[in-house]
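This report refers to the structure that appears directly beneath it.
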Amino acid sequence: MRPEHCAKSVCVESARRARRFTLIELLVVIAIIAILASMLLPALAQARAKARSISCVNDLKQIQLAWIMYADSNNEKYGGANVYQGTNLPWYRVLEPYGITEPVSRCPSKQDQVPGYGCNWRGVGYNVGTPYTPPRTGPIYEGMRLSQIKTPSTLIMMGDSYEANPVSISGSTTTRFYAIYLYAEANNEPSLYGRHNEGNNFSFCDGHVAWMRCGNALGANWLNN
């Protein structure tokens with residue numbers, strides 16, 4: 001074999017060897033990829049949670065706008081008019097004429113719960129104008145007139161709500177929790193009821209939406225005072 005052919009063969013073989021990975025090198029690459037993935041996955045999970053929280057805020061803004069339109073058509077009253085003689089209508093059914101559908105009533109972080117939001121009936125809806133005893137005629141809950149709300153920018157109207165056993169909620173004074181209602185006590189349990197980064201989103205009677213951490217929300221304005 002000619003010398004130049006030998007040199008060429010040696011160069012080709014060297015190039016082949018240079019392109020090969022040893023087992024150790026391959027394991028190192030896999031380990032690096034695994035480390036990068038472990039660093040990125042929490043960030044991706046946080047980004048998804050943040051996106052769901054933003055979507056939740058947008059839903060609550062849409063719902064609050066529907067309540068404003070509802071009040072404009074119902075003697076300037078928020079809430080109320082959801083329970084009639086022989087008929088029980090959840091709040092999102094009441095707001096259907098104003099563009100609220102069942103999917104909008106589901107929180108993006110809790111798609112299996114209908115509705116995912118509750119109404120602060122204690123602070124907004126329990127303004128009973130007729131005796132709360134049978135026979136009942138017309139709406140049981142008349143709702144709160146806009147002119148009666150002292151501080152609409154601080155009075156909670158809607159927010160993340162839960163199907164909960166009151167036994168698990170400290171300070172509970174009710175015998176049962178319903179998803180369509182919003183209770184202050186449920187916002188004192190971050191491990192159980194902190195849907196968005198140990199907190200919840202709330203809409204207020206003036207139309208804005210804000211996030212509050214569990215525990216802090218317990219001291220918010222739940223009553224019209």
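With θ set to phi - 60° and the Karplus curve 6.51 cos²θ - 1.76 cosθ + 1.60, what are the ³J(HN,Hα) couplings of the stretch 144-150 in order, to the nearest whole Hz, using x for Gly and Pro?
Each residue of the stretch 144-150 in turn: 10, 5, 4, 5, 7, 6, 6 Hz.
Taking amide hydrogens as modeled 1.01 Å from N in the peptide plane, which residues meet the under 5 Å criterion relative to Y78, leaving out close sequence neighbours?
Counting only residues 5 or more places away or on other chains, the set is M144, R145, L146.
Spelling out what I want: for every residue of the stretch 60-72, take phi, set θ = phi - 60°, compute 6.51 cos²θ - 1.76 cosθ + 1.60 (Karplus), and round to whole Hz; glycine and proline get x.
Once θ is set to phi - 60°, the couplings for the stretch 60-72 become 5, 5, 5, 5, 5, 4, 5, 5, 5, 5, 4, 4, 5 Hz.
Compute the FRET efficiency between S147 and V29 as 1/(1 + (r/R0)^6), taking r as their Cβ-Cβ distance and R0 = 45 Å, and round to the nearest 0.05. Spell out each step's value before the answer.
Numbers: r = 69 Å, r/R0 = 1.54.
With a Förster radius of 45 Å, E is 0.05.
Whose amide H sits under 5 Å from the amide H of C107, counting only residues 5 or more places off or on another chain, with H placed in the peptide plane?
Result for C107 returns G116, Y117.
Using modelled backbone amide H atoms (1.01 Å from N, in-plane), which distant-in-sequence or interchain residues come within less than 5 Å of G159's amide H?
G118, S203
No lab work stands behind these numbers, since they all come straight from the coordinates. Predicted model, so just to flag it, every value in this text is computed and none were measured. Ideal geometry is used to build each Cβ from the backbone, glycine not excepted, and the neighbour counts take in all protein chains shown.
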